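The values are calculated or read from the model by the stated rules, or taken from the named source; none is laboratory data. As the structure is a prediction and not an experimental result, all values here were calculated from the model. Here the Cβ positions follow ideal geometry from the backbone for every residue, glycine too, while neighbour counts run over all protein chains shown.
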Amino acid sequence: MHKLKANSAWGGTATMRNCTFERFKGKTALDKYDTVFGLDEYQSDWVPPITLTDSTFIDISEDALAHFIDPDPAWAFIDDCGEFPCTGPLNSLHTFKNTKWLGVKPAQADADF
């Protein structure tokens, strides 16, 4: 999902079933993020909840599960969010049900999922 803005983004959800995510390393050879989940610079207000059911993660390195961002200080303007940045990036929710981890996996995988 890219450029989620304003009212069109409110109330949406994402549901994924029987997905396989394989061989994410965290960074590419060109130092770009290579992660299963992440946020982009346009998600200032809302990050839709994501529910994954019966997913399989294969060889996902420690820093490749997610890349989240802090709110951009430039989002703090009076007409939108007031004198503080919108907090969408701080309010993401990912739910995992019946998740399988194979091969390399993040250290917290067994404890948190």
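Annotations for the structure displayed:
- Failed item, numbered, when T53 is tested on (1) within 16 Å of A14 (Cα to Cα); (2) within 13 Å of the chain's Cα centre (by Cα); (3) loosely packed, with under 15 Cβ neighbours inside 10 Å: (2)
- Those residues of region 65-75 which are more than 23 Å from K27 (Cα to Cα) and exposed (fewer than 15 other Cβ atoms within 10 Å of the Cβ), in sequence order: P73, A74
- Residue count, region 42-64 (criterion: of a type in the set (V, I, T) and closer than 22 Å to K25 by Cα): 4
- You will find that of T35, T28, the residue that is loosely packed, with under 15 Cβ neighbours inside 10 Å, within 27 Å of K105 (Cα to Cα) and among the hydroxyl-bearing types (S, T, Y) is T28 and no other.
- Enumeration of residues in region 65-101 that are closer than 18 Å to A14 by Cα, part of a strand (DSSP E or B) and in contact (Cβ under 8 Å) with a residue 40 or more places away in the chain: H94, T95, F96, K97
- Residue, modelled with the highest pLDDT, within region 88-103, restricted to residues that are within 16 Å of the chain's Cα centre (by Cα) and surrounded by 14 or more Cβ atoms within 10 Å (Cβ to Cβ): F96
- Which numbered condition K32 misses (of (1) closer than 21 Å to F96 by Cβ; (2) free of Cβ contacts under 8 Å to residues at least 24 places away in the same chain; (3) among the basic types (K, R)): (1)
- Set E62, E41: member being loosely packed, with under 14 Cβ neighbours inside 10 Å, touching a residue at least 40 places away in the same chain (Cβ under 8 Å) and under 30 Å from E22 (Cα atoms): E62
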